[in-house]
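Note sheet for the following structure.
FYI, it's all coordinate maths here, none of it is from the lab. The model shown is predicted, which means the values in this text are computed figures rather than measured ones. Heads up, the Cβs are rebuilt from the backbone with ideal geometry, glycines too, and the neighbour counts pull from every protein chain shown.
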Amino acid sequence: MNNIIIIGSGITGLTIGSELQKRKIDFKIFDSRESIGGKIQTFRICKMNLDKGFQVLLRNYPSLKIFPEINDIEYMDFKSGFIINKNNTFFKLLNPLKNLSGIFYYNRFPGFSFKDKVLLLKLYLMKNKIKNDQKPLDFLKNFGFSKSFINDFFVTFFQGVFLDKSLNIPLNYFLFIFKLFATGKVSIPVNGINEIPRTISKKIDPNKINLNSKIKKITKNQIICSDNKKYKFDKLICTNPQIESIFDTEINQNIFKEIKYNGTSCFYFTVTITNIEEKIIYLFPESNLISSLYFIKVTDNKHIVSISSLNKTCSIDDMKKEFIGYFNNIKNLNYLKRFVVDEALPVMNSFYNYNSCSFMEYSTNIFFCGDFLASPSLNGAIESGENLAKGIF
């Protein structure tokens, strides 16, 4: 087995590459982009590192154990809690599992009843197996949470996590992510989210990664690049379901033709502002545009603000107007960049945790893996790559 080709240098492709490098198995990675990381990209704009979309790392993701060097990255940690705008007033909620003042003082958000607080603790401590046939919103209602708290907290926060206001995801995955947020650190690398794939790639011989290599056709035993160069393979590993569209008709099974993605848009501004908190997520349950935002301090009163929206068609002017409507202590607001991420997270449907192994044997020598066959997260991307490497090599 000499010719192993991996298509995609995102987290999954790099995970497989590092696992094969460790096993001293030869391989090549091909990617059409100019840089590694797939959807996890950081751009240097106006001497600032801006991520393509609001992406955080949950530091207690189980799959991170195979990359302990990720812990050595310099991080900016978010405060464990939120600031929520309700009735034109900002309310601060701190995680009571990490800060006792979150129980006694920072708990005055309207609609957050004593019953809701008790149920949150019960939800966190719950260890019984849950039937996965319930939708998260139905589960939360049946669990006893008030309608207002479900909408103002669960929907408002987790719509930004899953990019889906209806939270149409498997229930056990929702509870898994809820507990990770409740107990672990939520962070962004100081040098940008792309620091994560760059760190993983250090385990791989750079000569094995072929960037700017667009593939135009795949047959049963070779790939054909846009420059008409051909590379034979004994095994082909595809990390993006859209690759199936360039398969030769002889091998194309149209398994992934219905797969869909949720998208988002993210705006960056610099702003001169006072009386705000940095490194904490602001939520806006009454907004039709803003999903969440956070501030990072640049100088005494100057901050970068990152604003996320589920409305991918939102204009810069509309976002500026809405933002100014919430904060009346702004002196200067300058636009930096807008990112639209059409295919940010896959809609899982029947592919969630595929066959409990999170990768697919498409044919005897072609395999698919990635977060679309595991769970829509960095954790799922690593898990899928690790499982494939262990399963077929």
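Structural remarks
- In order along the stretch 239-256, the Karplus-derived 3J(HN,Hα) couplings, from 6.51 cos²θ - 1.76 cosθ + 1.60 at θ = phi - 60°, round to 9, 9, x, 5, 4, 4, 5, 9, 5, 4, 4, 5, 10, 6, 9, 6, 6, 9 Hz, and Gly and Pro are given as x.
- Near the amide H of Asn3, within less than 5 Å, lie the amide hydrogens of Asp234, Lys235, all on another chain or at least 5 residues away, with H placed in the peptide plane.
- The H on the amide N of Lys86, modeled in the peptide plane, is under 5 Å from the matching H of Phe91, each at least 5 residues off or on a different chain.
- 3J(HN,Hα) along the stretch 331-337, derived from phi through the Karplus expression 6.51 cos²θ - 1.76 cosθ + 1.60 where θ = phi - 60°, amounts to 9, 9, 9, 10, 6, 10, 6 Hz, with x in place of Gly and Pro.
- Which of Ile169, Ile200 has the fewest Cβ neighbours within 10 Å, and the rest in rising order: Ile169, Ile200
- Using θ = phi - 60° in the Karplus curve 6.51 cos²θ - 1.76 cosθ + 1.60, the 3J(HN,Hα) couplings for the stretch 116-127 round to 4, 5, 5, 5, 4, 5, 4, 5, 5, 7, 4, 10 Hz; x is entered for Gly and Pro.
- Label point at Tyr335 placed 7 Å out along Cα→Cβ; residues across the stretch 16-56 whose backbone nitrogen lies under 20 Å: 43-54
- Each Lys or Arg adds one and each Asp or Glu takes one away; over the other residues whose Cβ falls under 10 Å from the Cβ of Asn365, this sums to 0.
- Gain on full stretching of the segment that runs from Lys297 to Lys165 - 0.36 nm per residue minus C-alpha separation: 44.5 nm
- Residues Met48, Met126, Met360 in ascending order of nearby Cβ atoms (within 10 Å, fewest first): Met126, Met48, Met360.
- Check: the stretch 95-183 dipole with +1 on Lys, Arg Cβ and -1 on Asp, Glu Cβ, in debye: 260
- Build a GNM of the chain with springs between Cα atoms under 10 Å apart, and of Leu125, Leu20, Leu336 the one that fluctuates most is Leu125.
- Across the chain, Cα pairs under 8 Å and at least six residues apart give a relative contact order of 23 percent.
- Computing Rg and the Kirkwood Rh from the Cα coordinates of the chain gives a ratio, Rg/Rh, of 0.98.
- Between Ile324 and Lys115, the FRET efficiency from the beta-carbon distance, with R0 = 25 Å, is close to 0.10.
- Simple spin-label estimate for Asn254 and Ser148 in nanometres, 7 Å along Cα-Cβ: 5.1
- In angstrom, the C-alpha Rg and Dmax of the stretch 95-183 are 12.7, 37.
- Beta bridges per DSSP, both residues in the chain: antiparallel share near 75 percent.
- Share of Cα-Cα pairs in the stretch 20-86 lying beyond 19 Å, as whole percent: 60
- The calculated FRET efficiency for the pair Glu278 and Ser363, based on their C-beta separation and a Förster distance of 45 Å, comes to about 0.30.
- With neighbour counts taken as other beta-carbon atoms within 10 Å, the residues Arg59, Arg44 rank, fewest first, as Arg44, Arg59.
- Listed pairs Lys79/Lys312; Lys65/Lys127; Lys216/Lys257 exceeding 25 Å between Cα atoms: Lys79/Lys312
- For Gln21, neighbours were defined as the other residues whose beta-carbon sits under 13 Å from its Cβ, and their charges (Lys and Arg +1, Asp and Glu -1) total +4.
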